[in-house]
Amino acid sequence: MAREDWMIPGPYTGVGPRGYQRSDERIREEVYKRLTHFGYLDASDIEVSVENGEVTLTGGVGSRRGKRLAEDVVESIPGVRDIHNRLRVKLPYWKRVTKEPDAIADEVAGDGTGAVIGGIAGAAVGGPLGAVVGVAVGGAIGAAVTEEAEGRGREEPGPDEGASESTGATSGGRRTE
């Protein structure tokens, strides 16, 4: 038997002797190692604790995908019995604003920014055609918000403008009496 024949994978790879359990410290070290070397995840704000083979991840990551990736990396470690993923998704810097969304909408509604934002979002989703549609929709929303803010919004119909009145008949869009 050669020196490394014991490392040959087979149907019983990973099945250890009865009663064997990897130590929590060893599992924690392996979690640290794998999270550190996984190139698609910023693990700088992840904390790891292990108790009886159950790994708990706390802290924050930049996206939902990062949260799932961290769990996937830990799941493949021998000795891990369960994972408690308590990671929080942190908002990227550009989404952390100090103003409420309504206040921002009021500011950008009248200056064409709605069209620009709509164009950028549309381009991201649907390419050049999406950009055109996004500009149109963003501009329309911006104009509507501006009209509403300036009191030029749609007014309620007056008492003599309703279609349900029985004082006269209509013919071709004109009122006859």
Tally the residues that are assigned to a loop (DSSP other than H, G, I, E, B), in contact with a strand residue (DSSP E or B) (Cβ under 8 Å, 6 or more places away or on another chain) and not aliphatic (A, V, I, L, M), restricting the search to region 56-93. 4
Considering region 17-51, residues that are of a type in the set (D, E, K, R) and part of a loop (DSSP other than H, G, I, E, B), and then whichever is surrounded by the fewest Cβ atoms within 10 Å (Cβ to Cβ), we arrive at Arg18
Inter-residue pairs, beta-carbon under 8 Å, first of a type in the set (S, T, N, Q) and in region 60-82, second surrounded by 12 or more Cβ atoms within 10 Å (Cβ to Cβ), 6+ apart: Ser63/Val89; Ser76/Arg34
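Each reported figure results from applying straightforward, stated rules to the coordinates on display, with no laboratory input. Computed from a predicted structure; not experimentally measured. FYI the Cβ positions are ideal-geometry reconstructions off the backbone, even for glycines, and counts take in every protein chain you see.
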